[in-house]
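Engineer: Let me give you the structure first, and then I'll get to my questions.
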Amino acid sequence: MSTLCLGLDTSNYTTSAAVFDGEGGLNCSCLLDVPAGTLGLRQSDALFQHVKRLPGLVSQLREAGMLSGIQAVAASTRPRAVEGSYMPCFLAGEGQGRAIADVLGVPFYAVSHQQGHLAAAAWSAGALELLERPFLAWHLSGGTTELLKVTSEGHNLHCEKIGGTSDISAGQLIDRTGVLLGLAFPAGKALDALAAEQPKGERFSVKLREETFSLSGVENQVKARAERGETPADIAAFVLNTISDVVHRATLAALEQWPGLPVLCSGGVASNSRLRQVLTASCGALFAQPQYSTDNAMGVAILAHRLLEREGKG
């Protein structure tokens, strides 16, 4: 009989619940409502929406016959597994997760949103065994652009930041560009489609210091290009070409220090088609399937399964 584990994730802009049985599972999620023309939500508003929506997603799992025999529950309780990492919206998933675990009399595991992203990426790329060995990983999302050296830590993941942005994230640059161009927030998919209208396009060679770089200057260039009347497709291509180029160069710099390590890409920005083409061709990087690049609870459920196995209860 398979071991079923429930995972909950209440990130900044997505509510999700998932079940994993050791091989596969089901993820149910929905985006939060963000007013048109804005760049996000206050944490209090995000938390309120999560509290309202999470029970409905758990009901979807029940209706799909996925909740019978749940043996562990996990939730993402903070953005990253480092001291001081905190975001109120994760209280929704943690609170309901702990309550469900107590009612069922099963273990509850607290993991980070970042750890969940990496687990979901490895599983959806068909490389779950990657979690048992050291690897390099990108967490590219609306709030995070980090290059990580990842090692297994008691069936969970230890993530050491070795590079990434020193200011705004790649996701912030994409979303701010999208809103400037009149696209809906979050703007990743729409900006990707817009850039496809300009197959080549320019890029800016962002200065790289070891594996660290800044993207705030690129945002200023985007505003200047828009004021000059450049086409939306040209601006979209400029942004995505620039991000792909600097992420590529930072990856190669890391591989010089840790040659032979696999490279895994996770987070919503990792669903970008140009980035996938560049990193797949240059270093054979593994990518999450697009539906598991964006925020989801599947990785949280996968980690619950691994942690339960560690305790010999699975």
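Engineer: In the set Ser205, Ser169, Ser214, which member is loosely packed, with under 14 Cβ neighbours inside 10 Å and of a type in the set (Ser, Thr, Tyr)?
Structural biologist: Every option except Ser205 fails the conditions.
Engineer: Is it the case that Thr294 is surrounded by 15 or more Cβ atoms within 10 Å (Cβ to Cβ), modelled with pLDDT under 95 and β-branched (Val, Ile, Thr)?
Structural biologist: Considered against the rule, which asks whether it is surrounded by 15 or more Cβ atoms within 10 Å (Cβ to Cβ), modelled with pLDDT under 95 and β-branched (Val, Ile, Thr), Thr294 comes out as yes.
Engineer: What number goes with the only condition from (1) exposed (fewer than 15 other Cβ atoms within 10 Å of the Cβ); (2) in contact with an Asp or Glu (Cβ under 8 Å, 6 or more places away or on another chain); (3) within 23 Å of Ser273 (Cβ to Cβ) that Asp234 does not pass?
Structural biologist: (1)
Engineer: Exactly one of (1) touching a residue at least 40 places away in the same chain (Cβ under 8 Å); (2) part of a loop (DSSP other than H, G, I, E, B); (3) not hydroxyl-bearing (Ser, Thr, Tyr) is unmet by Gly229. Its number?
Structural biologist: With (1) touching a residue at least 40 places away in the same chain (Cβ under 8 Å); (2) part of a loop (DSSP other than H, G, I, E, B); (3) not hydroxyl-bearing (Ser, Thr, Tyr) applied to Gly229, the lone miss is (1).
Engineer: Still on this structure, please answer the following. Name the residues in region 31-50 that are assigned to a loop (DSSP other than H, G, I, E, B) and open to solvent by 50 Å² or more (accessible area, probe 1.4 Å), would you?
Structural biologist: Listed by number, the residues that qualify are Asp33, Pro35, Ala36, Gly37, Leu39, Arg42.
Engineer: Here are the criteria: (1) more than 21 Å from Ala110 (Cα to Cα); (2) in contact (Cβ under 8 Å) with a residue 12 or more places away in the chain; (3) out of contact with any strand residue (DSSP E or B) (no Cβ under 7 Å at 6 or more places or on another chain); (4) open to solvent by 50 Å² or more (accessible area, probe 1.4 Å). Tell me which single one Gln60 does not satisfy.
Structural biologist: (3) is the only condition that Gln60 fails.
Engineer: Also, I was wondering about something else. Please go through region 32-51 and give me each residue that is of a type in the set (S, T, N, Q) and more than 12 Å from Tyr13 (Cβ to Cβ), ordered by number.
Structural biologist: Correct list: Ser44 only.
Quick grid of which residues meet (1) free of Cβ contacts under 8 Å to residues at least 24 places away in the same chain; (2) farther than 21 Å from Leu303 by Cβ; (3) touching a strand residue (DSSP E or B) at 6+ places or on another chain (Cβ under 9 Å):
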residue	(1), (2), (3)
Val34	no, yes, no
Ala46	no, yes, yes
Glu83	yes, no, no
Met87	no, no, yes
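Engineer: Looking at region 156-165, can you tell me whether even one residue there is of a type in the set (S, T, N, Q) and in contact with a helix residue (DSSP H, G or I) (Cβ under 8 Å, 6 or more places away or on another chain)?
Structural biologist: yes
Engineer: So, Leu252, is that one under 12 Å from Leu118 (Cα atoms), in contact with a Cys (Cβ under 8 Å, 6 or more places away or on another chain), open to solvent by 10 Å² or more (accessible area, probe 1.4 Å) and touching a residue at least 24 places away in the same chain (Cβ under 8 Å) or not?
Structural biologist: So Leu252 does not fit the description; no.
Engineer: Pick out the one residue from Leu194, Leu286 that is over 16 Å from the mean Cα position of the chain (by Cα), at pLDDT 95 or above and either over 25 Å from Thr38 (Cβ atoms) or crowded, with 22+ Cβ neighbours inside 10 Å (or both).
Structural biologist: Sole residue among the options that is over 16 Å from the mean Cα position of the chain (by Cα), at pLDDT 95 or above and either over 25 Å from Thr38 (Cβ atoms) or crowded, with 22+ Cβ neighbours inside 10 Å (or both): Leu194.
Engineer: Take region 109-147 and flag every residue that is over 19 Å from the mean Cα position of the chain (by Cα) and surrounded by 19 or more Cβ atoms within 10 Å (Cβ to Cβ).
Structural biologist: Tyr109
The values are calculated or read from the model by the stated rules, or taken from the named source; none is laboratory data. Predicted, not measured: the structure shown is a model, and the values here were computed from it. Positions of Cβ are generated from backbone atoms using ideal geometry, with glycine treated the same way; all protein chains shown enter the neighbour counts. To get the accessible areas, we keep the full protein, side chains included, count just its heavy atoms, and leave off ligands, DNA and RNA. Shrake-Rupley method; radii C 1.70, N 1.55, O 1.52, S 1.80 Å.
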